[in-house]
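Trainee: I have a structure here, written as C-alpha coordinates, and I will follow up with some questions on it.
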Amino acid sequence: DAMVIQNPRYQVTQFGKPVTLSCSQTLNHNVMYWYQQKSSQAPKLLFHYYDKDFNNEADTPDNFQSRRPNTSFCFLDIRSPGLGDAAMYLCATSRGATSGLTDTQYFGPGTRLTVL
Amino acid sequence: SQKIEQNSEALNIQEGKTATLTCNYTNYSPAYLQWYRQDPGRGPVFLLLIRENEKEKRKERLKVTFDTTLKQSLFHITASQPADSATYLCAPSRGYIPTFGRGTSLIVHP
(Lines give C-alpha, C1' and ligand atoms only; values in the text may rest on other atoms or scores of the structure.)
Protein backbone atom coordinates (compact mmCIF):
# COMPACT_ATOMS: atom_id res chain seq x y z
CA ASP A 1 0.00 0.00 0.00
CA ALA A 2 1.13 3.51 -0.76
CA MET A 3 1.95 5.30 2.42
CA VAL A 4 3.89 7.85 4.44
CA ILE A 5 6.49 6.41 6.78
CA GLN A 6 8.19 8.18 9.67
CA ASN A 7 11.21 7.05 11.61
CA PRO A 8 11.74 6.73 14.42
CA ARG A 9 8.32 6.59 16.07
CA TYR A 10 9.82 7.72 19.35
CA GLN A 11 12.93 9.84 19.76
CA VAL A 12 14.57 10.90 22.98
CA THR A 13 17.27 13.54 22.89
CA GLN A 14 19.08 15.73 25.34
CA PHE A 15 18.69 19.46 25.64
CA GLY A 16 20.80 21.07 22.92
CA LYS A 17 21.73 17.82 21.15
CA PRO A 18 20.88 17.90 17.43
CA VAL A 19 18.29 15.44 16.21
CA THR A 20 17.01 14.41 12.78
CA LEU A 21 13.61 12.97 12.02
CA SER A 22 12.93 11.26 8.73
CA CYS A 23 9.94 10.83 6.47
CA SER A 24 9.49 8.85 3.30
CA GLN A 25 6.55 8.41 0.94
CA THR A 26 5.53 5.96 -1.73
CA LEU A 27 2.68 8.15 -3.02
CA ASN A 28 4.91 10.12 -5.41
CA HIS A 29 3.31 13.33 -4.17
CA ASN A 30 4.76 16.72 -5.07
CA VAL A 31 4.41 18.26 -1.63
CA MET A 32 5.86 17.15 1.68
CA TYR A 33 5.03 18.94 4.93
CA TRP A 34 6.31 18.99 8.48
CA TYR A 35 3.94 19.79 11.32
CA GLN A 36 4.51 20.16 15.03
CA GLN A 37 1.63 19.11 17.26
CA LYS A 38 1.46 19.54 21.01
CA SER A 39 -1.16 17.99 23.24
CA SER A 40 -4.73 19.12 22.46
CA GLN A 41 -3.48 21.64 19.91
CA ALA A 42 -3.87 21.95 16.18
CA PRO A 43 -1.04 20.69 14.00
CA LYS A 44 1.24 23.66 13.39
CA LEU A 45 2.82 23.85 9.95
CA LEU A 46 6.57 24.37 10.17
CA PHE A 47 7.43 24.28 6.46
CA HIS A 48 6.77 22.40 3.27
CA TYR A 49 8.50 21.46 0.04
CA TYR A 50 6.71 21.76 -3.25
CA ASP A 51 8.99 19.57 -5.32
CA LYS A 52 12.39 21.12 -4.59
CA ASP A 53 11.03 24.51 -3.56
CA PHE A 54 11.30 25.08 0.17
CA ASN A 55 8.58 27.14 1.87
CA ASN A 56 9.17 28.23 5.44
CA GLU A 57 6.37 29.48 7.68
CA ALA A 58 7.09 32.96 9.01
CA ASP A 59 6.96 31.92 12.66
CA THR A 60 9.05 28.76 12.38
CA PRO A 61 12.15 29.15 14.56
CA ASP A 62 15.56 29.05 12.89
CA ASN A 63 16.31 26.06 15.10
CA PHE A 64 14.22 23.97 12.69
CA GLN A 65 15.61 23.07 9.28
CA SER A 66 14.52 20.69 6.57
CA ARG A 67 16.01 18.80 3.65
CA ARG A 68 14.39 17.02 0.75
CA PRO A 69 17.09 15.17 -1.18
CA ASN A 70 14.63 13.50 -3.56
CA THR A 71 10.91 13.07 -4.16
CA SER A 72 10.54 10.28 -1.64
CA PHE A 73 12.42 11.54 1.40
CA CYS A 74 12.23 14.56 3.64
CA PHE A 75 14.10 15.27 6.86
CA LEU A 76 13.47 17.55 9.82
CA ASP A 77 16.58 18.74 11.63
CA ILE A 78 16.34 20.35 15.04
CA ARG A 79 19.70 21.94 15.62
CA SER A 80 19.52 22.61 19.35
CA PRO A 81 16.38 21.12 20.87
CA GLY A 82 14.89 22.91 23.83
CA LEU A 83 12.36 21.61 26.32
CA GLY A 84 9.65 23.49 24.42
CA ASP A 85 10.36 21.45 21.30
CA ALA A 86 9.03 18.28 22.87
CA ALA A 87 6.04 17.40 20.73
CA MET A 88 4.66 15.06 18.09
CA TYR A 89 6.15 15.77 14.68
CA LEU A 90 3.96 14.86 11.77
CA CYS A 91 5.02 14.45 8.17
CA ALA A 92 2.36 14.73 5.50
CA THR A 93 2.21 14.64 1.72
CA SER A 94 -0.22 15.85 -0.91
CA ARG A 95 -0.40 16.19 -4.68
CA GLY A 96 -0.17 19.97 -4.48
CA ALA A 97 -3.35 20.73 -6.38
CA THR A 98 -3.31 23.97 -8.33
CA SER A 99 -5.95 26.66 -8.47
CA GLY A 100 -9.53 25.48 -8.52
CA LEU A 101 -8.76 21.94 -7.47
CA THR A 102 -8.96 20.27 -4.08
CA ASP A 103 -6.15 18.54 -2.28
CA THR A 104 -5.95 16.06 0.59
CA GLN A 105 -3.14 15.42 3.00
CA TYR A 106 -1.78 12.00 3.87
CA PHE A 107 -0.07 11.82 7.21
CA GLY A 108 2.54 9.53 8.61
CA PRO A 109 2.16 8.03 12.08
CA GLY A 110 4.29 10.77 13.65
CA THR A 111 7.46 10.87 15.71
CA ARG A 112 7.10 11.62 19.41
CA LEU A 113 10.09 13.72 20.48
CA THR A 114 11.11 13.87 24.12
CA VAL A 115 13.75 16.37 25.24
CA LEU A 116 15.52 15.64 28.52
CA SER B 1 -5.61 36.25 10.80
CA GLN B 2 -7.50 33.07 10.04
CA LYS B 3 -9.14 31.47 13.02
CA ILE B 4 -10.61 27.99 13.22
CA GLU B 5 -12.80 27.18 16.21
CA GLN B 6 -13.72 23.70 17.33
CA ASN B 7 -15.21 22.90 20.70
CA SER B 8 -12.32 22.18 23.06
CA GLU B 9 -14.54 20.24 25.41
CA ALA B 10 -14.95 16.54 24.71
CA LEU B 11 -18.29 15.37 23.35
CA ASN B 12 -19.64 12.39 25.27
CA ILE B 13 -22.51 10.42 23.73
CA GLN B 14 -24.12 7.02 24.04
CA GLU B 15 -23.60 4.32 21.46
CA GLY B 16 -26.21 4.44 18.73
CA LYS B 17 -26.80 8.19 18.99
CA THR B 18 -25.79 10.79 16.42
CA ALA B 19 -22.69 12.82 17.20
CA THR B 20 -22.53 16.37 15.84
CA LEU B 21 -19.28 18.29 15.82
CA THR B 22 -18.97 21.97 14.93
CA CYS B 23 -16.28 23.90 13.09
CA ASN B 24 -16.47 27.69 12.83
CA TYR B 25 -14.02 29.86 11.00
CA THR B 26 -13.38 33.61 10.78
CA ASN B 27 -11.35 35.88 8.53
CA TYR B 28 -11.38 33.16 5.92
CA SER B 29 -13.20 32.19 2.74
CA PRO B 30 -12.25 28.58 2.10
CA ALA B 31 -12.92 26.99 -1.26
CA TYR B 32 -13.33 23.64 0.43
CA LEU B 33 -13.20 22.07 3.86
CA GLN B 34 -11.96 18.71 5.05
CA TRP B 35 -12.51 16.61 8.13
CA TYR B 36 -9.84 14.34 9.54
CA ARG B 37 -9.84 11.76 12.30
CA GLN B 38 -6.92 11.53 14.70
CA ASP B 39 -6.40 8.70 17.17
CA PRO B 40 -4.11 9.20 20.20
CA GLY B 41 -0.45 9.11 19.23
CA ARG B 42 -1.22 8.81 15.50
CA GLY B 43 -1.34 11.09 12.49
CA PRO B 44 -4.66 12.46 11.19
CA VAL B 45 -6.55 10.43 8.61
CA PHE B 46 -8.70 12.05 5.93
CA LEU B 47 -12.43 11.38 6.13
CA LEU B 48 -14.45 13.75 3.97
CA LEU B 49 -14.11 16.83 1.78
CA ILE B 50 -16.84 19.32 0.89
CA ARG B 51 -16.58 22.16 -1.60
CA GLU B 52 -17.93 25.69 -1.08
CA ASN B 53 -20.68 25.12 -3.63
CA GLU B 54 -21.86 21.94 -1.89
CA LYS B 55 -24.28 22.04 0.99
CA GLU B 56 -23.92 18.47 2.16
CA LYS B 57 -21.74 15.43 1.64
CA ARG B 58 -22.28 11.88 2.87
CA LYS B 59 -20.14 8.82 3.22
CA GLU B 60 -21.60 5.78 4.94
CA ARG B 61 -22.47 6.95 8.50
CA LEU B 62 -20.74 10.30 8.06
CA LYS B 63 -22.32 13.54 6.92
CA VAL B 64 -20.76 16.96 6.50
CA THR B 65 -22.52 20.26 5.89
CA PHE B 66 -20.93 23.52 4.83
CA ASP B 67 -22.59 26.90 5.31
CA THR B 68 -20.42 29.65 3.83
CA THR B 69 -22.81 32.34 5.08
CA LEU B 70 -22.56 31.19 8.67
CA LYS B 71 -18.89 30.27 8.15
CA GLN B 72 -19.57 26.91 9.70
CA SER B 73 -19.29 23.22 8.99
CA LEU B 74 -21.07 20.48 10.89
CA PHE B 75 -19.82 16.91 11.02
CA HIS B 76 -22.29 14.18 11.90
CA ILE B 77 -21.71 10.54 12.77
CA THR B 78 -24.94 8.56 12.84
CA ALA B 79 -25.40 5.32 14.79
CA SER B 80 -22.16 6.07 16.63
CA GLN B 81 -20.00 3.25 17.93
CA PRO B 82 -17.27 3.13 20.60
CA ALA B 83 -14.79 2.65 17.75
CA ASP B 84 -15.71 6.17 16.56
CA SER B 85 -14.05 7.59 19.69
CA ALA B 86 -11.24 9.86 18.48
CA THR B 87 -10.41 13.51 17.87
CA TYR B 88 -11.91 15.04 14.76
CA LEU B 89 -10.13 17.95 13.07
CA CYS B 90 -11.63 20.31 10.58
CA ALA B 91 -9.40 21.86 7.94
CA PRO B 92 -10.66 24.59 5.65
CA SER B 93 -8.54 25.48 2.64
CA ARG B 94 -8.30 27.80 -0.36
CA GLY B 95 -5.24 26.23 -1.94
CA TYR B 96 -3.35 23.05 -1.32
CA ILE B 97 -2.44 23.93 2.29
CA PRO B 98 -5.27 23.58 4.82
CA THR B 99 -5.54 25.34 8.15
CA PHE B 100 -6.23 22.81 10.87
CA GLY B 101 -8.43 23.31 13.88
CA ARG B 102 -7.41 21.88 17.23
CA GLY B 103 -10.07 19.22 16.97
CA THR B 104 -12.89 18.00 19.16
CA SER B 105 -12.59 14.79 21.12
CA LEU B 106 -15.53 12.43 20.71
CA ILE B 107 -16.13 9.71 23.29
CA VAL B 108 -18.80 7.14 22.52
CA HIS B 109 -19.91 5.17 25.54
CA PRO B 110 -21.18 1.57 25.14
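The values are calculated or read from the model by the stated rules, or taken from the named source; none is laboratory data. Remember, it's a predicted structure, so these values are computed and weren't measured experimentally. A quick note on method: Cβ atoms are made from the backbone with ideal geometry, for glycine too, and the neighbour counts reach across all protein chains shown. Quick note on the areas: whole protein, heavy atoms, side chains included, nothing else; ligands and nucleic acids left out. Shrake-Rupley method; radii C 1.70, N 1.55, O 1.52, S 1.80 Å.
Trainee: Name the single residue that is surrounded by the fewest Cβ atoms within 10 Å (Cβ to Cβ) among those in the stretch B:67-110 being hydroxyl-bearing (Ser, Thr, Tyr) and touching a residue at least 60 places away in the same chain (Cβ under 8 Å).
Mentor: Ranking the qualifying residues of the stretch B:67-110, first place goes to B:Thr78.
Trainee: Further question: If a residue must be at pLDDT 95 or above and over 13 Å from the mean Cα position of the chain (by Cα), how many such residues does the stretch A:29-40 contain?
Mentor: Qualifying residue count, the stretch A:29-40: 3.
Trainee: If B:Asp67 passes every condition in (1) more than 18 Å from A:Tyr106 (Cβ to Cβ); (2) over 15 Å from the mean Cα position of the chain (by Cα) but one, which one does it miss?
Mentor: Among (1) more than 18 Å from A:Tyr106 (Cβ to Cβ); (2) over 15 Å from the mean Cα position of the chain (by Cα), B:Asp67 violates only (2).
Trainee: Could you go through the stretch B:49-66 and let me know if any residue there is touching a residue at least 40 places away in the same chain (Cβ under 8 Å) and either part of a strand (DSSP E or B) or within 14 Å of another protein chain (Cβ to nearest Cβ) (or both).
Mentor: Within the stretch B:49-66 (the criterion being touching a residue at least 40 places away in the same chain (Cβ under 8 Å) and either part of a strand (DSSP E or B) or within 14 Å of another protein chain (Cβ to nearest Cβ) (or both)), the answer is no, since none of the residues qualifies.
Trainee: Are any of the residues in the stretch A:69-81 out of contact with any His (no Cβ under 9 Å at 6 or more places or on another chain), of a type in the set (Phe, Trp, Tyr) and within 12 Å of another protein chain (Cβ to nearest Cβ)?
Mentor: Looking for residues that are out of contact with any His (no Cβ under 9 Å at 6 or more places or on another chain), of a type in the set (Phe, Trp, Tyr) and within 12 Å of another protein chain (Cβ to nearest Cβ), one finds none in the stretch A:69-81, hence no.
Trainee: Still on this structure, please answer the following. Restricting to the stretch B:30-60, what's the tally of residues that are of a type outside the set (A, V, I, L, M, F, W, C) and open to solvent by 70 Å² or more (accessible area, probe 1.4 Å)?
Mentor: 10
Trainee: Something else now. State all residues of the stretch A:97-116 that are facing chain B (nearest Cβ under 7 Å) and of a type in the set (Val, Ile, Thr); if no residue qualifies, say none.
Mentor: Scanning the stretch A:97-116 gives A:Thr102, A:Thr104.
Trainee: Inside the stretch A:11-116, counting only strands (runs of 3 or more DSSP E) that do not spill past its ends, which hold 2 or more residues that are closer than 18 Å to B:Gln34 by Cβ, open to solvent by 20 Å² or more (accessible area, probe 1.4 Å) and not small (Gly, Ala, Ser)?
Mentor: Hits in the stretch A:11-116: A:44-50.
Trainee: Just name the residue that is nearest to A:Ala42 (Cα to Cα) out of those in the stretch B:92-110 that are within 9 Å of another protein chain (Cβ to nearest Cβ) and either in a strand (DSSP E or B) or of a type in the set (Phe, Trp, Tyr) (or both).
Mentor: This residue is B:Phe100.
Trainee: A further question on this structure: What number of residues in the stretch B:9-19 are within 15 Å of B:Gly103 (Cβ to Cβ), open to solvent by less than 80 Å² (accessible area, probe 1.4 Å) and either among the hydroxyl-bearing types (Ser, Thr, Tyr) or not in a strand (DSSP E or B) (or both)?
Mentor: 1
Trainee: Next question, about the same structure. Take A:Ser94 and decide whether it is at the interface with chain B (Cβ under 8 Å from one of its Cβ atoms) and in contact with an Asp or Glu (Cβ under 9 Å, 6 or more places away or on another chain).
Mentor: Yes; evaluated as a whole, the condition is true for this residue.
Trainee: Right, next: Taking interchain pairs and intrachain pairs at least six residues apart, which have beta carbon atoms under 8 angstrom, with the first residue in the stretch A:37-49 and touching a residue at least 40 places away in the same chain (Cβ under 8 Å) and the second among the hydroxyl-bearing types (Ser, Thr, Tyr)?
Mentor: That search, which allows pairs on different chains as well, returns A:Gln37/A:Tyr89; A:Pro43/A:Tyr35.
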